[in-house]
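Asks: Sharing a structure with you now.
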Amino acid sequence: MSAPRLAHRAAASASAAFDGAARIGETVAFWLAALLPLAYLPALASGIASARPLLLAGLVTAHAAALVLGRGHASDASDADDAVGDSAADR
């Protein structure tokens, strides 16, 4: 196999691995965004938030980051479903 073809295949493999890792990260961020608000109520009810305000600030910051990083999770799945639906409609 020639060097350029080998380099192209290596780049394609690296790109596929990166895409897979990005999709996993996006999924984790999506679910963190969905579940982190459940930590607010116990933190506020137990008084930990008033005793350790940085903990509450960290929760809010983590939630905001998860919202941003996980925002494309559901749209990726619906795009794939749309593509499957479109190809079935063309038959």
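Asks: Out of the residues in region 35-48 meeting the condition of being surrounded by 14 or more Cβ atoms within 10 Å (Cβ to Cβ) and either more than 25 Å from the chain's Cα centre (by Cα) or among the aliphatic types (A, V, I, L, M) (or both), tell me which one is nearest to residue 65 (Cα to Cα). Spell out how you get there, then give the answer.
Replies: First, the residues of region 35-48 that are surrounded by 14 or more Cβ atoms within 10 Å (Cβ to Cβ): 36, 39-40, 43.
This time we only want the ones that are either more than 25 Å from the chain's Cα centre (by Cα) or among the aliphatic types (A, V, I, L, M) (or both), so: 36, 39, 43.
On the way: 36: 11, 39: 15, 43: 19 Å.
The residue in question is 36.
Asks: So, one more: Going by the structure shown, is residue 72 within 23 Å of the chain's Cα centre (by Cα), small (Gly, Ala, Ser) and at pLDDT below 85?
Replies: On the way: within 23 Å of the chain's Cα centre (by Cα): yes; small (Gly, Ala, Ser): yes; at pLDDT below 85: yes.
When the stated conditions are applied, residue 72 passes them.
Asks: Please indicate, with yes or no, whether at least one residue in region 38-48 is closer than 18 Å to residue 73 by Cα and in a helix (DSSP H, G or I).
Replies: Narrowing region 38-48 to residues closer than 18 Å to residue 73 by Cα: none.
No, region 38-48 contains no residue that is closer than 18 Å to residue 73 by Cα and in a helix (DSSP H, G or I).
Asks: Any residue in region 18-32 that is at pLDDT 85 or above, outside any helix (DSSP H, G or I) and out of contact with any Lys or Arg (no Cβ under 9 Å at 6 or more places or on another chain)?
Replies: As a first pass, look at region 18-32 and keep what is at pLDDT 85 or above: 23-32.
Now restrict to residues that are outside any helix (DSSP H, G or I): none.
Among the residues of region 18-32, not one is at pLDDT 85 or above, outside any helix (DSSP H, G or I) and out of contact with any Lys or Arg (no Cβ under 9 Å at 6 or more places or on another chain), which makes the answer no.
The values are calculated or read from the model by the stated rules, or taken from the named source; none is laboratory data. Not measured: the values here are computed from a predicted model. Quick reminder, even Gly has a Cβ in these numbers, built from the backbone with ideal geometry, and neighbours come from all protein chains shown.
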